[in-house]
Amino acid sequence: MEPVRLSKRLAELGLCSRREADSYIEQGWVKVDGEVAVLGQKVVPGQRIDLDPRAREKQSQRVTILINKPMGYVSAQAEKDYQPAVVLVTRENHWKGDKSGIRFSPEHLKGLAPAGRLDIDSVGLLILTQDGRVAKHIIGETSEVEKEYLVRVEGHLSDEGLKRLNHGLSLDGDKLKPAKVSWQNEDQLRFVLQEGKKRQIRRMCELVGLRVVGLKRIRIGRLKLSDLPTGQWRYLGADERI
């Protein structure tokens, strides 16, 4: 096999993100076959890669946050007059039902980034994390983490249209992965996806003659929105898995 950059290999092994890898290499915290690695170094399969305990300790201090995003907030960078959801991560908005035992610190806001998008006019579960491994697990190219949504719609959906929503649609010239779509009630659909193209559900619905009038994400992997109030947030507990 062709040699690959060490940072890419570390990410492939699930040890850290590529950005984190470069930082650890710069600090001398990565060894290849017992030798301290350098930035830009390439490796081949079979070479032994060791991560310094200091890097693992730093990773253990990083937090992941679950927030119930209200309408009118964007997932990442501020847009026009709209604020990013991270501005809601304050001491005052910390959910009293948080069972993680983690105390809020301003340090937890540094490098906090969304693991996936949720449109400005959509609500529900959004995950923000300082940990590149968590982001890769949720939104990496090979991720199979399910995202579940309740979608209120207007229009008529035929049996054939429902079949197409589950398997048979393409967006931007690419065939979509199979979805799980079913009626939740007479005007609401339940979507379970393993991908997240921009405005995917709204565009899927348009292709079968439906208009989305409300969209709420209620689950990412094993993590459910549950009782988390709108506009509030909590930490991912040490015993929770995505």
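The values are calculated or read from the model by the stated rules, or taken from the named source; none is laboratory data. Not measured: the values here are computed from a predicted model. Every residue, glycine among them, receives a Cβ derived from its backbone with ideal geometry; neighbour counts consider all protein chains shown. To get the accessible areas, we keep the full protein, side chains included, count just its heavy atoms, and leave off ligands, DNA and RNA. Shrake-Rupley method; radii C 1.70, N 1.55, O 1.52, S 1.80 Å.
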E240 among the acidic types (D, E), open to solvent by 10 Å² or more (accessible area, probe 1.4 Å), part of a helix (DSSP H, G or I) and outside the structural domain of I102 (by the TED database): no
- request: Of all residues in the stretch 76-109, count the ones that are within 25 Å of G196 (Cα to Cα) and not hydrophobic (A, V, I, L, M, F, W, C).
  value: 7
message: Residues that are open to solvent by less than 50 Å² (accessible area, probe 1.4 Å), of a type in the set (A, V, I, L, M) and in contact (Cβ under 8 Å) with a residue 60 or more places away in the chain, at least 1 per element: which helices (runs of 4 or more DSSP H) completely within the stretch 104-223 meet that?
response: 132-139
task: Would you please name the residue that is most open to solvent (accessible area, probe 1.4 Å), looking only at residues in the stretch 227-237 that are assigned to a loop (DSSP other than H, G, I, E, B) and in contact with a Lys or Arg (Cβ under 9 Å, 6 or more places away or on another chain)?
output: T230
statement: Taking the stretch 71-103 and keeping only residues that are at pLDDT 90 or above, open to solvent by 50 Å² or more (accessible area, probe 1.4 Å), touching a strand residue (DSSP E or B) at 6+ places or on another chain (Cβ under 9 Å) and farther than 18 Å from L225 by Cβ, one is left with Q83, G101, I102
- prompt: Are there any strands (runs of 3 or more DSSP E) wholly within the stretch 30-90 with 3 or more residues that are over 15 Å from Q232 (Cα atoms) and without any contact (Cβ under 8 Å) to a residue 60 or more places away in the chain, and if so which?
  reply: 30-32, 49-51
message: Give me the residue from the stretch 1-43 that is crowded, with 17+ Cβ neighbours inside 10 Å and acidic (D, E) and, out of that set, nearest to Q61 (Cα to Cα).
response: E20
